[in-house]
């Protein structure tokens, strides 16, 4: 039987990790990166030192900067592209795939210009394609090392959910299914904003009490917005909600938490971004989340303060003070 052909677009840590996972399962995998010089380097060394240091890339994975070859004749195309670049990449692949191709979004962000979730961006550019979303508490290094991890695949089609679940399940990577695309996407995106807030708390030298407060009240904000946008409230207490939120808020490998920590220590966003190799999705998503809170008239005080920290140069200590001295209310 012919092995399934899968294209992974995006040679960052997560895209590379998923390409490795799929290759080890025996699938024919292509990994696409935007920069020809770097993809050649990865292809020759079988290493991705910028985004997934210390992990060997199997020889069977084709690594390319030719996007046409990466998507041609593929049964699944995995979109592991930073959210703000997704639309521009989709414009390049509009006519290179078959009508039976399944698109799997693994990005965790919301487009700034439109406030659209990535699945909405995909449909707006590619039309009614077969689509699923994979999310959860999935730190790339841990998955690449075979550390037990869970994730959720969401799709409106039960058949597509089951297909992706079967393709990605391994002994150390357990995939659950869910029909709530909106909830799974929002949980994966908005938790990055709360992780920045937790990082600020760390940078200011606050303790576990503070982080617990940010985590729980942050989950309330995510659920509040998700509900008015059509998500199922129970999704946010699951793997792609609470699970992903906890991981991103406490892990030392979380880029979003680290951005917050540096801001808490007095660094500017411009200075932080200048020295980062990888994208911290929470930075642009904060803009989108703040815009959505205004659009839907939803109270999201932590999101608002993170927005003011990142984009209005507000002092971290003042932001904390303003959160703590808001009008008293019931939980």
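Just wondering, is there one or more residues in region 184-202 that are free of Cβ contacts under 8 Å to residues at least 40 places away in the same chain and on the phi < 0 side of the Ramachandran plot? Break it down into steps so the answer makes sense when it comes.
Keep residues of region 184-202 that are free of Cβ contacts under 8 Å to residues at least 40 places away in the same chain, which gives none.
Scanning region 184-202 turns up no residue that is free of Cβ contacts under 8 Å to residues at least 40 places away in the same chain and on the phi < 0 side of the Ramachandran plot.
Scan region 235-255 and give yes if some residue there is surrounded by 21 or more Cβ atoms within 10 Å (Cβ to Cβ), modelled with pLDDT under 95 and within 26 Å of residue 182 (Cα to Cα), otherwise no.
Looking through region 235-255, at least one residue is surrounded by 21 or more Cβ atoms within 10 Å (Cβ to Cβ), modelled with pLDDT under 95 and within 26 Å of residue 182 (Cα to Cα).
Only one of these is in a strand (DSSP E or B) and closer than 17 Å to residue 17 by Cα: 152, 167. Name it.
After ruling out the rest, the residue left standing is 152.
I'm checking my understanding of the structure. Among residues of region 214-265 that are under 22 Å from residue 52 (Cα atoms) and not in a helix (DSSP H, G or I), which one is farthest from the chain's Cα centre (by Cα)?
Per the criteria, the residue is 252.
Six or more apart or on different chains, Cβ atoms under 6 Å: show the pairs whose first residue is in region 156-172 and within 19 Å of residue 142 (Cα to Cα) and whose second is assigned to a loop (DSSP other than H, G, I, E, B).
Cβ pairs passing all conditions: 172/146; 172/148.
Within region 128-142, take every residue that is touching a residue at least 24 places away in the same chain (Cβ under 8 Å) and more than 19 Å from residue 243 (Cα to Cα) and give me the one that is surrounded by the most Cβ atoms within 10 Å (Cβ to Cβ).
Going through the qualifying residues, I end up with 132.
Any idea which of 272, 294, 302 is at pLDDT below 95 and in a helix (DSSP H, G or I)? Working first, answer last.
Numbers: 294 fails: at pLDDT below 95; 302 fails: at pLDDT below 95.
Only one candidate qualifies: 272.
Take residue 16 and tell me if it is surrounded by fewer than 22 Cβ atoms within 10 Å (Cβ to Cβ) and either closer than 17 Å to residue 146 by Cβ or touching a strand residue (DSSP E or B) at 6+ places or on another chain (Cβ under 9 Å) (or both). Break it down stepwise before answering.
Numbers: surrounded by fewer than 22 Cβ atoms within 10 Å (Cβ to Cβ): no; either closer than 17 Å to residue 146 by Cβ or touching a strand residue (DSSP E or B) at 6+ places or on another chain (Cβ under 9 Å) (or both): yes.
It is false that residue 16 is surrounded by fewer than 22 Cβ atoms within 10 Å (Cβ to Cβ) and either closer than 17 Å to residue 146 by Cβ or touching a strand residue (DSSP E or B) at 6+ places or on another chain (Cβ under 9 Å) (or both).
Yes or no: residue 270 surrounded by fewer than 19 Cβ atoms within 10 Å (Cβ to Cβ) and out of contact with any helix residue (DSSP H, G or I) (no Cβ under 9 Å at 6 or more places or on another chain)? Spell out how you get there, then give the answer.
Numbers: surrounded by fewer than 19 Cβ atoms within 10 Å (Cβ to Cβ): yes; out of contact with any helix residue (DSSP H, G or I) (no Cβ under 9 Å at 6 or more places or on another chain): yes.
Answer is yes for this residue.
The values are calculated or read from the model by the stated rules, or taken from the named source; none is laboratory data. As the structure is a prediction and not an experimental result, all values here were calculated from the model. Reconstructed Cβ throughout: ideal geometry from the backbone, glycine too, with neighbour counts over all protein chains shown.
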